[in-house]
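Structure first, then comments.
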Amino acid sequence: MANPSNRPIGKSGWGRTLGAAAVSIVYFFPVLYIILTAFKTRQDALAWPVKFIFTPTLENFVSVFYRTTVEGGAAEATGFGLYFFNSMFIGGTSVLLALIIGTAAAYGFSRFPLRGNETYLFMILTTRMMPPIIAIIPIFVLFRIFGLSGTYVGIIALYTAFNLPFSIWMVKSFFDDLDRDIEDAARMDGSSEFRLFRKICLPQVYAGLAATFVFAVILTWNEFVFALLLTGTQTRTVPVQIVRTIGGAIGVDWGLLSALETLFIIPVVLVTFALQNQLLRGVTFGTIRR
Amino acid sequence: MTSPPSSQTAPASPPAAPPARSARGFFGWMLAPERRGPLLVAPAIATLVIVNLFPLMWSYGLSFFSYNAKYLKRPPSWVGLGNFIDLFSDVDVWERFQNTALIVIGSVFLQLIIGFLLALLFSTEFPLRRYLLMLVLAPMMLSLSAVGVFFKLFYEPTLGFIPRLVQEFTGEPFVILSTPTKATIAIVCADAWMWSPFVMLLVLAGLVSVPKYLYEAAEIDRAGAWRRFRTITFPYIKSLLLLALLFRTIETFKIFDVVYVLTEGGPGSSTETISVYLFRVAFNYFQTGRASALGYITLFAVIVLTSLYLYAINTRRAEPG
């Protein structure tokens, strides 16, 4: 099983911990800096040298969702509630669809190989390796022709296909890892093929399916190019709005921008920790799994 | 919407056998053992054909026309191979490929070195290792656009962290994104920061696959550290390093978000990569036909690289250990 992070070679003591801690904190510094800035007041955020000890404030997080746009005016909703909902809704729905279609296909590819099985798998992987910018040109035209631009249906259909190659390769790698002897034994006992899938194979890959789901949701949550060109004001996702925000009037408000980024990345950082053991498989689409 | 060409799925199904027992009817025929594979795979293939392949064919067609996506009603005009001939003789396109190559070489090289060193650091067990590893692995999972925003803040000329830090030492203002060289280095650093953990993960996988007895044998033979690395460790991580190199080359070749957010291709067009240029041609100048043609040239490059990657994976699977 792919588990490099849990199977180190040899042992070292606290000395190595100290060295690794120094390196890790320097490496993580850009993220840490943004998270700290999110809790700072405007003065603290721009202070030099950088303040590491300060009185934290939550006002930046409040103004992500409500803030006064005109000097002295009443606080108004900024629409970020909707954008966060969109990111979650579009991500969740499309990944669920991709996982259902993908699991069926993965089981097929793994247990009932077609003629030219590898060729199909290769072509499926190629669609995912393809630069998104190439696919988006015709898709942009077609979305306009069929009136799908700015609709939930359009972007969810697109993201379903976007997540499908990943789901197939990933779930297939989990099916491939299973011990075939159990299935053969069940088949001997006269179990039907559907029962075999439902009662024996599927329960063994539940954890893998969960990992695939979370991974794909992160990929979708992070996706920028498709969302930039194909979502409208009502279906816009968080990364698109963040990038639009830097160009705008609040671009100079570092606390606010950092608070936004923090809300956007914290779920990803936490989930990464939970997924640590599946990370290698996930980032290589299940092509490497030792 | 046009229905997917059935010829795409046809080769998948085995030659249709006459129904064994007509009593079970159509569903019995559908669910026959030899049709299980195709049946399970069909929905996925259909989805990919409709959402991926069909648009690609569409843009294949468009690449022979002069067409503007802004005016859908205006009919495209046939230019034959004009777009391709134009592109191949265009200095701008060549320059964009060079920009991309420069960023790919710089970034992948840095990633391999940093990733390798990080992997060595984390190759042994020590207290709190799991938690520290999380801090190092986090950048890889972040959104590319978010990383662009991060570094935009760090590089900001007057208030950014890095210009202010440099000014402490030199006493002069330091504007990172002002010259082509500095801007390219800035992009390479951002990208390498994000993806070195990926290389680390692959190298770690290689390091743990080395059988322990080899090190024990080397211990007995009193082999030095360098010799141990060269004769034992390196052969085991070699194939994974190659995979990391190819995978990162493919991915960096596509670099868009970070550049788009950080420099928008500037100053001038010095950091405009092929993806950013494609975006510009397609959605700022709206030369949809020309963009489609360029997309096909780029796609060809990616397919070549992907084939190499898959070839490397298959070779690796075949080798023992």
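Rounded to the nearest 10 degrees, the inclination of helix A:254-274 to the longest alpha-carbon principal axis of chain A is 20 degrees. Exposed loop sites here are chymotrypsin sites (Phe, Trp or Tyr not before Pro) assigned a DSSP state other than H, G, I, E or B and surrounded by at most 16 other beta carbons within 10 Å; excluding them, the longest clear run of chain A is A:147-290. Distance from the Cα centroid of the stretch B:139-211 to that of the stretch A:98-126 is 38 Å (rounded to whole angstrom).
For the protein assembly as shown, the residue among B:32, A:162, B:237 whose Cα projects farthest onto the positive side of the dipole built from Cβ charges is B:32. Among the protein heavy atoms of the protein assembly as shown, carbon and sulfur supply 67% of the accessible surface, probe 1.4 Å, non-protein parts ignored. Shown here for the stretch A:34-118: GluC sites (Glu not before Pro) in loop regions (DSSP other than H, G, I, E, B) with at most 10 other Cβ atoms within 10 Å, namely A:71. About the centre of its Cα atoms, the protein assembly as shown shows a dipole size close to 1140 debye [charges on the beta carbon of Lys, Arg (+1) and Asp, Glu (-1) only; nearest 20 debye].
How high is the relative contact order of the stretch B:85-318, given as a whole-number percent (alpha carbon pairs under 8 Å, six or more residues apart)?
Numbers: 236 pairs, mean separation 65.4, N = 234.
Value for the stretch B:85-318: 28 percent.
Taken as Cα centroids, the stretch A:192-231 and the stretch B:249-321 sit 26 Å apart, rounded to the nearest whole angstrom.
For chain A, the longest principal axis of the alpha carbon atoms and the long axis of helix A:14-38 meet at an angle near 60°. Dipole check for the stretch A:80-283: with +1 at the C-beta of Lys and Arg, -1 at the C-beta of Asp and Glu, and the Cα centre as origin, the magnitude is about 420 Debye. Between helix A:117-129 and chain A there is an angle of about 10 degrees, using the helix long axis and the longest principal axis of the Cα atoms. Find, among the trypsin sites (Lys or Arg not before Pro) in the stretch B:182-231, those assigned to loop by DSSP (not H, G, I, E, B) with at most 15 other beta-carbon atoms within 10 angstrom. When the trypsin sites (Lys or Arg not before Pro) of the stretch B:182-231 are filtered for loop state and at most 15 Cβ neighbours within 10 Å, B:222 remain. Each Cα pair under 8 Å and six or more residues apart adds its separation to the average, and for the stretch A:134-290 the resulting relative contact order is 32 percent.
One quarter of the convex hull surface built on the alpha carbon atoms of the stretch A:13-77 amounts to 6.3 nm², the projected area averaged over directions.
Note on chain A: helix-only mean residue ellipticity at 222 nm, from DSSP H runs of 4+ residues weighted -39500 (n - 2.57) and normalised by residue number, equals -21500 deg cm²/dmol.
Report the longest stretch of chain B that contains none of the chymotrypsin sites (Phe, Trp or Tyr not before Pro) sitting in a DSSP loop with at most 13 other Cβ atoms within 10 Å. Could you put the intermediate results ahead of the total?
Details: sites that count: B:71, B:285.
The longest uninterrupted stretch comes out as B:72-284.
Taking every pair of alpha-carbon atoms in chain B, give the share separated by more than 34 Å as a whole percent. Could you put the intermediate results ahead of the total?
On the way: 23709 of 51360 pairs.
Counting every Cα pair in chain B, those more than 34 Å apart make up 46 percent.
List, in the order given, every pair from A:51/B:254; A:172/B:254; A:172/B:212; A:11/A:172 whose Cα-Cα distance in the structure shown is over 28 Å. The partial results should precede the final answer.
On the way: A:51/B:254 37 Å; A:172/B:254 26 Å; A:172/B:212 30 Å; A:11/A:172 34 Å.
Cα-Cα > 28 Å for A:51/B:254; A:172/B:212; A:11/A:172; rest within.
Can you give the Kirkwood hydrodynamic radius for the protein assembly as shown, in Å, rounded to one decimal and based on Cα pairs? Its Kirkwood hydrodynamic radius stands at 26.3 Å.
The values are calculated or read from the model by the stated rules, or taken from the named source; none is laboratory data. Model, not experiment: these values are computed from the prediction. Counting neighbours? That spans all protein chains shown, and the Cβs are built from the backbone with ideal geometry, glycine included. For the accessible areas, the whole protein counts, side chains as well, though only heavy atoms, and no ligand, DNA or RNA atoms are used. Shrake-Rupley method; radii C 1.70, N 1.55, O 1.52, S 1.80 Å.
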